[in-house]
Each structure stands twice: as C-alpha cells, then as structure tokens.
Amino acid sequence: MRGKLLLVLLVTALVGLQGVQAEPLELPCWGEGTTYYMNQTYSGSAVFNDPAYSGEVNALITSTSCPFVMSHAGDVARMYCMDMVQTYFLDLDCPVTATGHAMLTLTDPPLNIDANFRLSNATVTGSFLIGTQDLNVKMLQLNANGGVELELTPGVWIPVGTGLVDVTLEPCPGLQDFVWPLPDSDTNSYDATLYAYGSYEIHLNVFGIPFDFVGDFAPDTPMVVALTNQIVGDELMGGCLSRRVNTTDTEGVVEFATWYCPDSWFYSRKELLNLNLEGFSLDSAILETVDYTLVECSSGTPTPTPLPTATPTATPTSEFTATPPPPTNTPTPVPTNTPAPGTPTATPTAEPEPTNTPGPEPTATPVLELGVRIEMPTTMVHPGDEFYVTGLLDNPGAPMNEVPVFFILDIFAQYYFWPNWKFYDGNTGSGEIDFQYWNVQTGTEAVTVLPTFTWPDTGSDSISGVNFYGAMLNDEMTAIVGNLAMVTWGFGPQ
C-alpha cells in the first residue's frame, strides 16, 4: 500500500508539467546536446487524520542550479510495454535541501512529535525518456535519497534516519501532458497502464522508537491510470489570475487541481482534492511552486545514460545510520546556521579532575576518534541496581581550550541540561539550557554526568525510549565537533 501511495503522488506531481503557453515538456533552450540549469523551490503541506496517526507536515524544498542534460537516445525497447519508442534522454542530478516542521501523533507505538526537521545530503538523480514525436514521458527512472535530522534544541540537530526511493516507471503508451486548448469542450481524457519496478527504504529512530518502511514496486501488478482533465475556469491564485484544471482518475483513486499563470511554463500550484486508498487517510496536500527559474543554457555533447534494468538495486548513500549510534558511534558532523537558544548559563571553566566514579574504566580503542562517548552500566535499570552516567571526551589531536560541552537528558522532548539540569521544553521552546566550558586535553577524559547511586524502588513504574546525548560544540555553538553521543535507556521493575 505504501508503494502504491508513492506512485500515486509521483504521477500527481508529473501530470501537467507544461504551462498555458508552452509546448509539452519544452523549455526555452530545448534541444539536443543542451544542458540547462534550473533553480526550483516548492512549498508543500499535508494534513492527515486517522485513528492510527494524525498530524500536519510543512516543508520548503529547494534545488539550486540543478543540471538537466538532453541527448538523443534513439530506439529504446520497453520491457513491459513490449514496444520500441524513439526518445530523447533528459538526465538530472540535483542536490536538494528541505526544511520544515512536523506535528505527528501515533497510537502504536505511542509517540508525539512536534519538531523542526531537515534533510541532509539529499539528492535526486534520474532520467526522463521523452518521445521524439509527441514529447510525452515514455519511461522514467528516479533515485531519491538522504538523511533526516530533528532539531534537538534551537541550533542543535540530531540524525534520526535515512530514506531511499529507487523506482523505474513504464507508462504504456505514455504519460500525456495537457494540450492547449483542451479538445472536446475543454476536456480531454487518456488511459495508461503504469508498470513500476524498484524499491523503497525508510528507516527512522525517533526518541528510541524505530520505524522501518521497506518494500518493492512490483511490475506484475501494474496500476491503471485513467485521467480526465477539465478546465474549470480562471481563479486568483498566488497574485495571478490563473487557469485551473481539475484532473480526475476514473478509477476513483485520486482527484487533484492544477493552476497556471498565463505566462508560465510550469504549474504554480497543485492541490489534492481526494485520495481513496485503503489503509491510508489524507485530508489535504498542497504543493506550490515558489521558484522555477531557468538559470543558464549551455551546449555540449552529453553521453546518454544507460537504460535502467528491470531489477535495479540501490543502497542508501546517506552517512547516517537508521538506529541510534552506540557509545562508539560513527562521526555525524551536523552543520547548522541557527544560534543556540536564549543566553545559556555557562558554569565557569573547569579543569578536568579525576573522578571517583566506581565502575569499569573506559576501554581503550585502537584508533581514537574526536567526539564524545557515554558510558552507563546498563540501558535498562531496575530497583536496587547501581547506576551512573560518565561522559568520555575523546581528542586524538592537540589540546583544545574552552570547548562548550553538553550532556542532555531527553525525556520525550523534555530536556534537562547538565551540569545544573536546567529545563528546556522542546514542545513550547521555553526554558533554559546549560553547559560547561572544558579544556579538553589530548586523549580521553572522563566527566561525571551522574555520580554512582543505587536506583530507588520505583515500584511497577516503567519507561523506555529515554535518551542521553553528549556533544562538544564549536566556539559559535552552531555545529557539533566530532562524534555525537546518544544512548537510549529506561527503567522498570525486575
């Protein structure tokens, strides 16, 4: 079902690429051997309400100077359409940035999220195969992948997962675009059988709760696309008297509206009016084109991209892992541009002193990596257990002075900052943060975050998914230096 949802949303985005005055899929510098560079920015929002999940997501998606390369592909054999088509190649390789805000409520497992998010190291690559005679999409291969980060506190981001979609589409006979003016009293219809093959992988770990969405697109169960386009009229939209076209799937799966300004060669807004997929409820979805600008055209002799095979395989290229990193986690530098909240209360500089924390001494690693680790005797503590939290500052290089050091206890977006355990509410953005400047010597230094104590009798109470974070920040406190430490733990009865 998730795979079909992805296909429906992709087809919705593709239909009606042209504007009112433009030829189908053409740009001002359309021609073989041409590379053109586009600036694209879209604003998207979605609202959904279902017994299993509800919430709202808003995002701003941007790609700057994205290159599109056009070349002649010649005759291409389509495996599932079982025909030969004359096509152009239109290749793209675009870095993408996205920032937004999510408010989500899940019932199983129970989880509430109200946080800013962003994509990291995200790219969209692929190829459109465009028919030379009708300029309709005959084949499409897309690969989108990247990491996902949540804003822990203003200016401090943590990785929570990765996502990958790798799909090849064969629409038979093709995905038609609008033809202006629409024939038959401003209405036209067409059918296409959509074969898809590929895979998708989305792995998230939010506050200790894992979410994994993995599946394949199966070409043996094609999706029938039967669309009717009808001009509704002119409406004021985005400061422009825009032409509105309603598109309805005669199979009853999807209905959406598209708006164009008269002088535009790309749609300015799409709005999902109805989605009927068993097991999925979506109240509304809107995609607005904020910027779609041709930056530059250049001539060259591009090399055609090899055709995708029927069994593509792909591995996520994001540097982030899908589950919280262990105490010896891999480097996760997180650049940010937002300063830390408020005016932090810093405890005066403390020279590292020997701690008298009982328990095992840190185990030396063959190669010391810059960053922070956290040691705890257990990740599930019971009444009567010995418990402590020790931070380890690892520095394989020269001594570093006046380093901001953070240790944070996260109880479902309620944050407590060491050393004085100042409280910051991640849901409302109110409260204070705390940290300590530290002169970090070469090697490994232990910091007592919580001294050793015996866990009290908490009766039948239990909790899981609590996190401890540890990090060293740069002087401006806008980026993490070295490895971020994260340990997920909890407590409960024996």
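Laboratory data are not the source of any read-out in this text; all were calculated from the coordinates shown. Quick caveat, the model's predicted, so the values are computed rather than measured. We place every Cβ from the backbone using ideal geometry, glycine too, and count neighbours over all the protein chains shown.
Report the local net charge at residue 42: Lys and Arg +1, Asp and Glu -1, summed over other residues whose C-beta lies under 9 Å from its C-beta.
Values: positive: none; negative: 288, 291.
Computed value for this residue: -2.
Can you give me the relative contact order of the range 345-491 as a percent, contacts being Cα pairs under 8 Å and 6 or more apart? Walk me through the numbers on the way to the answer.
On the way: 360 pairs, mean separation 48.9, N = 147.
Over the range 345-491, the number comes to 33 percent.
Can you figure out the FRET efficiency of residue 93 with residue 411, using R₀ = 56 Å and their beta-carbon distance, to the nearest 0.05? Don't jump to the answer; show the numbers that get you there.
On the way: r = 43 Å, r/R0 = 0.76.
It comes out at approximately 0.85.
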Calculate, in nm to one decimal, what residue 291 and residue 273 gain on full extension: separation in residues at 0.36 nm each, minus their alpha carbon distance. 4.1 nm
Counting only Cα atoms, I'd like the Rg/Rh figure for the range 345-491, Kirkwood definition for Rh. 0.96
Computed label-point distance, nm, for sites residue 283 and residue 425 using a 7 Å Cα→Cβ extension: 2.3
Quick one: length gained pulling residue 251 to residue 368 fully straight, 0.36 nm per residue minus the C-alpha distance? 36.1 nm
Roughly how many nanometres apart are two label points built 7 Å out from the Cα toward the Cβ at residue 133 and residue 50? 4.2
Dividing the mean separation of Cα pairs under 8 Å (6+ apart) by the residue count of the range 113-163 yields a relative contact order in percent of 35
Label point 7 Å out from residue 220 along Cα-to-Cβ: which residues of the range 79-94 have amide N under 20 Å? 79-82
Once you place label points 7 Å from the Cα toward the Cβ at residue 101 and residue 65, how far apart are they in nm? 3.2
Find how much the distance from residue 193 to residue 72 grows on full extension, using 0.36 nm per residue of separation minus their present alpha carbon separation; answer in nm with one decimal. 41.1 nm
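Using only alpha carbon pairs under 8 Å that are at least six residues apart, calculate the relative contact order of the range 20-145 and give it in whole percent.
Details: 276 pairs, mean separation 26.6, N = 126.
Computed over the range 20-145, the figure is 21 percent.
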If a/c stays under 1.5 just call it rounded; otherwise compare a/b with b/c (prolate if a/b is bigger, oblate if not). Do that for the range 403-458, with a ≥ b ≥ c from the square roots of the Cα gyration tensor eigenvalues. oblate
